[in-house]
Structures are given as structure tokens and as C-alpha cells.
Amino acid sequence: MALVQFHNVSYSIPSRSPDVAVGAALRGRPSFFQARGGHGGLPLQIISELNLTVERGETLVLLGESGCGKTTTLKLINRLLTPSSGEVHVEGKSTTAWDPIALRRRIGYVIQEGGLFPHFTIARNVGLVPALSGWNEARTGERVREMLNLVGLDPNRFAERYPRELSGGQRQRVGVARALAADPPLLLLDEPFGALDPLTRASLQREFGELAARLGKTAVLVTHDVREAMILARRIGLMHKGQLLLLETPERFRASDHPQARAYLDTLNLYGGSL
């Protein structure tokens, strides 16, 4: 059964002024916005007629270059944004019919560096959503310890530390622990491993894949790294200029003759990679 469904979803933002567009061009960032409209007061279309289903228990990876609409797609799921047209359904209900706070508490959200509150201890960061949901102190504390152990961090060593006292990889583990703390059915991950060194990234990718499979969680993960997509995805959604070009298993993606898919796969050959 589908956990998330996009039905003919488009999302646009108001046009920028010509002066702003020219400024962006001079800074080397013109391609996406100039290609998608936005002149003469017309809106800039970020997502165009997206139809997509996320099945329960799968990890769906959205792959694409910067500015293609991947992160916007995540924000449409947790109602940080609402569609300009079409509907997004989560657990069978339109996001606009959900209370936004209730919806977001059903969704774990992980970003680069974990998005931790720097003035909160690790324990308080991990226990934030359970506490906001009305869990008592004892239950929250037990859950914090459980989650830290789950992601490989000894609560006796790490619970009372602050984010600045942790390495990048440790902060990312805390971010995953916080996302899982209230046991949400859905995880959204926005390039969660992109800022890490290659060895730490590979280790966390492997650990996250094993963890998601063991817990049976549904996850939508955004990346521009085709290797990461191949490792983690049950299905890969290839996005380009606000459109979903391809939705395939890693095996079928690897065999695809779509030019955009081939361009990504060629980067593996360029760096001598193989999967």
C-alpha cells in the first residue's frame, strides 16, 4: 500500500525581477530559472505535473542535479510547501487536510550535519519530538538511550554532550536518531551524507541501509550522487528541471538507455567506479 502519493503536482513561485535574474546570471546560476520561465511576471515552475508513489517499506531515492526540484519534492511531502496544483497524499490523506504539526510529527526529517540545535544537549535533541508529543520524562529518556544505542553512540558518553563536541559523522548519527525517536512511519533525508568525508559517508550509507531494512521504515532520500542512489534505493527517481524522467530499480536504471541516466552512469566509469 502506498504511503505517499503525488497526483499531477506542480509547484511554482512568483517571478523574480529582471534585475535579480541578471544578477543570478552574472553569478553563474541562470540555467534552471531562465529555462523554466519567470519573465514578464510569469511564475517560475519548480515542479511540473509530478506523479509519484512511495510504497510502504521502500527507500526511494530522488536523484538529480542542484535545482532540479528534489528538495522541493520533500518539502511538499511534509507540507513545508503546498502544491500550486494537484495533491500530495500522506497515509491516504491530502497534506492540506492534515494539521501541519501532526503531519510533521509523523515524519522524520534528516538534513546535512543533522540539523541539530547547537544549544541543546544530544539527549535533548534526540528527545525533542517525543517530548513535544507529550511523552513523560522517563519514557523520553529511555527512548533517547535506545536510539543512541541504535545508531552506535554510547548514551553514557554522548547524551550530555553538545553538537559542537561531536564529529560530522557523529552529528549525522544523532540526526538519524532524532528522526527515528518518535517512531514515525516515514523518513525524509535531504542529502544527509553529502558533507562527510568519503570513508565516513560510505560507512553511514551502509549503516543507514541496514537500519532502514531492519526497522522496515519508508524513506525518501535526496542525492546528486548516483553511487549513493545505487547503494540505498529500492527505486531511483531521476529528476531534471522539475520533472520525473525515470523511475526504476537500480538494476533497471543501470540498464537504461535514457540520456540523462547514461550521463550519471558515465560518472562511475569516469572515476573508475563499479557497483
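Bear in mind that the values in this text are calculations on the coordinates, not laboratory data. Just so we're clear, the structure is a prediction, and the values are computed from it rather than from any experiment. Positions of Cβ are generated from backbone atoms using ideal geometry, with glycine treated the same way; all protein chains shown enter the neighbour counts.
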For this session: Could you give the DSSP H helices of the chain that reach 15 angstrom or more along their long axis (alpha carbon positions) and whose average Kyte-Doolittle hydropathy is no lower than 1.0?
Result: none
For this session: State, as an integer percentage, the relative contact order of the chain based on alpha-carbon contacts under 8 Å between residues 6 or more apart.
Result: 25
For this session: Could you work out the mean projected area of the convex hull around the alpha carbons of the chain, in square nanometres to one decimal?
Result: 15.9
Exercise. By count of other Cβ within 10 Å, fewest leading, how are Ile122, Ile111 ordered?
Worked result: Ile111, Ile122
For this session: State the extension gain, in nm to one decimal, for the chain segment bounded by Ala213 and Ala255, taking 0.36 nm per residue of separation less the distance between their alpha-carbons.
Result: 12.6 nm
Exercise. Once phi is turned into θ = phi - 60°, what whole-Hz ³J(HN,Hα) does the Karplus curve with 6.51, -1.76 and 1.60 give for every residue of region 216-223, x standing for Gly and Pro?
Worked result: x, 7, 8, 9, 10, 10, 9, 7
Problem set entry | Relative contact order (%) - criterion: Cα under 8 Å, at least six apart; region: region 47-99 | 24
Seminar exercise, completed: Under a Gaussian network model of the chain whose springs join Cα atoms within less than 10 Å, the largest fluctuation of Phe117, Phe158, Phe208 belongs to Phe117
For this session: Can you put Phe120, Phe193, Phe6 in order of Cβ neighbours within 10 angstrom, beginning with the fewest?
Result: Phe120, Phe6, Phe193
Seminar exercise, completed: Site Ser167, offset 7 angstrom along Cα→Cβ, radius 17 Å on amide nitrogen, limited to region 204-247, gives 204-208
Exercise. What length, rounded to one decimal in nm, is gained on full extension from Glu49 through to Thr200, with 0.36 nm per residue of separation minus their alpha-carbon distance?
Worked result: 50.7 nm
Seminar exercise, completed: Mean-square fluctuation maximum in Gaussian network of the chain, Cα pairs under 10 Å, restricted to Gly175, Gly92, Gly64, hits Gly92
For this session: Read phi for every residue in region 183-191 and hand back ³J(HN,Hα) as whole Hz from Karplus 6.51 cos²θ - 1.76 cosθ + 1.60, θ = phi - 60°, with x for Gly and Pro.
Result: 6, x, x, 9, 10, 10, 10, 9, 6
Problem set entry | Anchor Lys70: aspartates and glutamates whose Cα lies under 16 Å away (excluding residues fewer than 8 positions away in-chain) | Glu49, Asp190, Glu191, Asp225, Glu228
For this session: At 0.36 nm per residue, minus the direct Cα-Cα distance, what do Glu160 and Ser85 gain on full extension? Give it in nm, one decimal, please.
Result: 22.4 nm
Exercise. What spacing in nm lies between the two simple spin-label points modelled at Ala2 and Asn269, each 7 Å away from Cα in the Cβ direction?
Worked result: 3.6
Problem set entry | Antiparallel bridges, percent of DSSP beta bridges restricted to the chain (to nearest 5) | 50
